[in-house]
Amino acid sequence: MLTLDLHAGQIQGFFDIPTDNLYAVPVFARDLRTHYDQKNFMVVSPDVGGVVRARALAKRVDAPLAIVDKRRERPGESEVMNVIGDVAGKDCILVDDIVDSGGTLCNAADALIAKGATSVSAYITHGVLSGGAVARVSASKLRELVITNSIQPTAAVSAARNIRVLAIADLIGEAISRTATEESVSSLFD
């Protein structure tokens, strides 16, 4: 079985069949190199829990790393407390596994702009975008939200001015091919 960016890697342990968890980081890195000036961007984790993912992307594209320190008082609500790292004058790239309501993402973008970031974009694997999330993202300070097509984009997502969808078919196809030929799948992410 193949999965993509599990929210918690430990979930793999609940399966009693061979399971490989794929990561969108290589797809994101390739896209970042073609759409951004590598000398001026900084990868940012929107919370402390996402630092490992953000660090993996930052290492792959040779970029500095910052972290947004947030508190979640109630489900669906978050408050940015601090930005760890100097983001002034940088194009900030938030990276996370999932965006649902978009609240955390938009709050993080506001905090980064307030700390002097030139622009804020986000690369998110699973674009759930429930409720008013698309409208929230469209009205936000996010220059661009880039999501994969791990979830079929809705008409609202396709019509949004600042949401772009990346295909992950090549990544999944390569993983299937490697599985069939008994090659390493994990080496895709080295």
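The values are calculated or read from the model by the stated rules, or taken from the named source; none is laboratory data. Worth saying up front: this structure is predicted, and the values here are computed from it rather than measured. Reconstructed Cβ throughout: ideal geometry from the backbone, glycine too, with neighbour counts over all protein chains shown.
Consider only pairs whose beta carbons are under 8 Å apart and that are at least six residues apart or on different chains; among these, list those whose first residue lies in region 1-28 and is in the same structural domain as V128 (by TED's automatic domain parsing) and over 23 Å from L166 (Cβ atoms) and whose second residue is among the small types (G, A, S) and outside any helix (DSSP H, G or I).
Once the first residue is in the same structural domain as V128 (by TED's automatic domain parsing) and over 23 Å from L166 (Cβ atoms) and sits in region 1-28, no partner that is among the small types (G, A, S) and outside any helix (DSSP H, G or I) comes close enough.
Of the numbered conditions (1) touching a residue at least 12 places away in the same chain (Cβ under 8 Å); (2) surrounded by fewer than 17 Cβ atoms within 10 Å (Cβ to Cβ); (3) farther than 20 Å from V165 by Cα, R71 satisfies every one except a single condition; which is it?
(1)
Yes/no per residue for (1) in contact with an Asp or Glu (Cβ under 7 Å, 6 or more places away or on another chain); (2) of a type in the set (A, V, I, L, M, F, W, C); (3) in the same structural domain as L32 (by TED's automatic domain parsing):
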| position | (1), (2), (3) |
| --- | --- |
| R136 | no, no, yes |
| E144 | no, no, yes |
| N149 | no, no, yes |
| P153 | no, no, yes |
| V157 | no, yes, yes |
| N162 | yes, no, yes |
| A175 | yes, yes, no |
| R178 | no, no, no |
| S184 | no, no, no |
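So, of the residues in region 118-138 that are farther than 14 Å from P46 by Cα and in contact (Cβ under 8 Å) with a residue 40 or more places away in the chain, which turns out to be nearest to the chain's Cα centre (by Cα)? Explain how you work it out, then say what you get.
Initially, region 118-138 is screened for residues farther than 14 Å from P46 by Cα, giving 118-119, 126-138.
Now drop any that are not in contact (Cβ under 8 Å) with a residue 40 or more places away in the chain, which leaves 118, 126.
On the way: T118: 19, H126: 8 Å.
The qualifying residue nearest to the chain's Cα centre (by Cα) is H126.
Here's the yes/no breakdown for (1) within 24 Å of S187 (Cβ to Cβ); (2) in a helix (DSSP H, G or I); (3) touching a helix residue (DSSP H, G or I) at 6+ places or on another chain (Cβ under 8 Å):
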site: Q12; (1), (2), (3): yes, yes, no
site: N21; (1), (2), (3): yes, no, yes
site: A56; (1), (2), (3): yes, yes, yes
site: M81; (1), (2), (3): no, no, no
